[in-house]
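One structure is given below, encoded as structure tokens.
The values are calculated or read from the model by the stated rules, or taken from the named source; none is laboratory data. For clarity, every value in this text was computed on a predicted model and none was experimentally measured. Here the Cβ is made from the backbone with ideal geometry for all residues, glycine too, and neighbour counts use every protein chain on show. Surface accessibility is based on the protein's heavy atoms, side chains included, excluding ligands, DNA and RNA. Shrake-Rupley method; radii C 1.70, N 1.55, O 1.52, S 1.80 Å.
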Amino acid sequence: MPLDLDFVRRQFPAFSEPSLKGQAFFENAGGSYACRQVIDRLTRYYRERKVQPYGPYEASRLGGEEMDEARARLAAMLNVETDEVSFGPSTTQNTYVLAKAFGDHLAPGDAVIVTNQDHEANSGPWRRLAERGIEIREWKLDPETGHLPLDGLKALLDDKAKLVCFPHCSNIVAEINPVAEIAALAHDAGAFVCVDGVSYAPHGLPDVGALGADIYLFSAYKTYGPHQGVMVIRRALGEALPNQGHYFNADTLYKRFTPAGPDHAQIAASAGMADYVDALYAHHGGGEASARERAQAVHDRMRGHEIALLRPLLDYLSEKNSVRLLGPRDAGARAPTVAAVTKEPGAAVAEKLAPLGIMAGGGSFYGNRCLEAQGVDPAHGALRLSFVHYTSPQEIDKLLRALDSVL
């Protein structure tokens with residue numbers, strides 16, 4: 001059964017918003033539309049439950065229960081334990097806290113491996129550990145293809161390597177990296193693994209348990225939810241790292257790496273992301289299944305739709321002599337986040353697309369190292385065209401016509 005796009009788009013109020021009519025949204029890698037399930041939960045929380053949660057009175061009790069529900073349901077879909085899921089103000093902030101914890105945990109001479117394919121959020125905080133005597137090793141991408149070769153990682157792994165940080169897929173190159181294989185290599189060498197899933201999770205919640213990541217990070221505001229960072233830390237690592245929260249919360253795993261007070265309403269609203277996955281599963285004929293099985297089925301349906309839409313865009317850009325397409329040409333090997341280097345700066349091309357009803361982005365997208373490694377000046381940047389499963393074939397056609405007008 002193909003993805004019922006009419007049903008999907010009815011779940012997103014943005015598609016019935018008059019001010020957005022005629023505008024095709026192609027900057028989803030910067031933040032997706034929110035589904036109505038999340039909006040409804042957030043509205044209800046602010047209207048009915050905006051009190052300190054976990055108290056003895058009804059509004060407080062219900063508020064706390066919704067926060068717990070969000071953690072439990074997302075953990076089940078990610079195939080991890082409930083208390084292995086933490087919420088923080090953003091993925092960038094969560095990574096800074098984790099880097100602080102590792103800085104306290106590691107010894108001078110220990111090594112952390114980072115890539116130059118990453119968004120700066122999963123690179124910069126780790127690189128700063130060099131100030132504390134930690135050796136930083138860079139796993140370099142191929143400058144022609146953007147690919148991260150496994151042989152490059154193998155050459156960096158030894159008994160001093162304690163952590164390997166890399167993206168599930170880059171927000172510029174977009175190639176889907178083999179997380180499970182990378183994690184196995186790192187674990188065999190005695191290193192932990194931190195995966196930036198921000199650019200992958202919008203295309204279907206991953207099976208973090210099966211991937212073998214010790215840390216998996218993504219952003220709820222890119223997975224149809226509120227502006228929260230979602231952070232999975234597996235128990236063995238979470239209990240080994242020094243507590244970064246209040247001392248009296250040290251025995252609660254999901255509080256150990258969130259020193260700031262949580263945003264109660266947004267955490268509660270994150271359960272709407274699980275509502276949306278379940279709604280898609282049920283609408284497409286899903287039967288009795290576990291939370292992970294439901295999430296996997298929706299993941300696969302999303303990816304199938306996205307791959308079909310991505311092929312004509314990749315074909316079009318690959319045939320343009322005036323354009324350099326970054327990342328794989330194979331739609332099945334990448335996320336539908338497409339960065340192209342054009343004669344004009346990427347931001348200038350995006351500006352020309354806007355009057356034609358195409359909402360796109362141009363710039364470096366916090367991936368300066370990634371662009372530089374591929375010979376692209378971050379100041380010139382790239383045009384980025386990113387979409388998700390709610391994008392329609394008609395919007396792809398509109399994009400291609402608009403590109404014909406501006407390239």
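Tabulated data for the structure shown
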quantity: Test result for T115, over 30 Å from E293 (Cα atoms), buried (at least 23 other Cβ atoms within 10 Å of the Cβ), within 20 Å of the chain's Cα centre (by Cα) and of a type outside the set (D, E); calculated: yes
quantity: Condition met for A282 (open to solvent by 40 Å² or more (accessible area, probe 1.4 Å) and within 15 Å of Q37 (Cα to Cα)); calculated: yes
quantity: Residue match in region 147-154 (condition: within 27 Å of R384 (Cα to Cα), open to solvent by less than 40 Å² (accessible area, probe 1.4 Å) and in contact with a strand residue (DSSP E or B) (Cβ under 7 Å, 6 or more places away or on another chain)); calculated: yes
quantity: Filter pass, R41 being touching a residue at least 40 places away in the same chain (Cβ under 8 Å), farther than 26 Å from L356 by Cα, of a type outside the set (F, W, Y) and surrounded by 12 or more Cβ atoms within 10 Å (Cβ to Cβ); calculated: yes
quantity: Qualifying residue in region 106-113 (condition: of a type in the set (G, A, S) and in contact with a strand residue (DSSP E or B) (Cβ under 7 Å, 6 or more places away or on another chain)); calculated: yes
quantity: Positions within region 8-22 being farther than 19 Å from A360 by Cα, open to solvent by 30 Å² or more (accessible area, probe 1.4 Å) and in contact with a helix residue (DSSP H, G or I) (Cβ under 6 Å, 6 or more places away or on another chain), in sequence order; calculated: R9, P13
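Yes or no, residue by residue, for (1) within 21 Å of C165 (Cβ to Cβ); (2) modelled with pLDDT of 95 or more; (3) open to solvent by 20 Å² or more (accessible area, probe 1.4 Å):
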{"residue": "S219", "(1), (2), (3)": "yes, yes, no"}
{"residue": "P226", "(1), (2), (3)": "no, yes, no"}
{"residue": "Q244", "(1), (2), (3)": "yes, yes, yes"}
{"residue": "F257", "(1), (2), (3)": "yes, yes, no"}
{"residue": "D278", "(1), (2), (3)": "no, yes, yes"}
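Residue-by-condition table, conditions (1) open to solvent by less than 10 Å² (accessible area, probe 1.4 Å); (2) touching a residue at least 12 places away in the same chain (Cβ under 8 Å); (3) on the phi > 0 side of the Ramachandran plot:
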{"site": "E131", "(1), (2), (3)": "no, no, no"}
{"site": "I172", "(1), (2), (3)": "yes, yes, no"}
{"site": "V179", "(1), (2), (3)": "yes, yes, no"}
{"site": "A183", "(1), (2), (3)": "yes, yes, no"}
{"site": "F192", "(1), (2), (3)": "no, yes, no"}
{"site": "Y200", "(1), (2), (3)": "no, yes, no"}
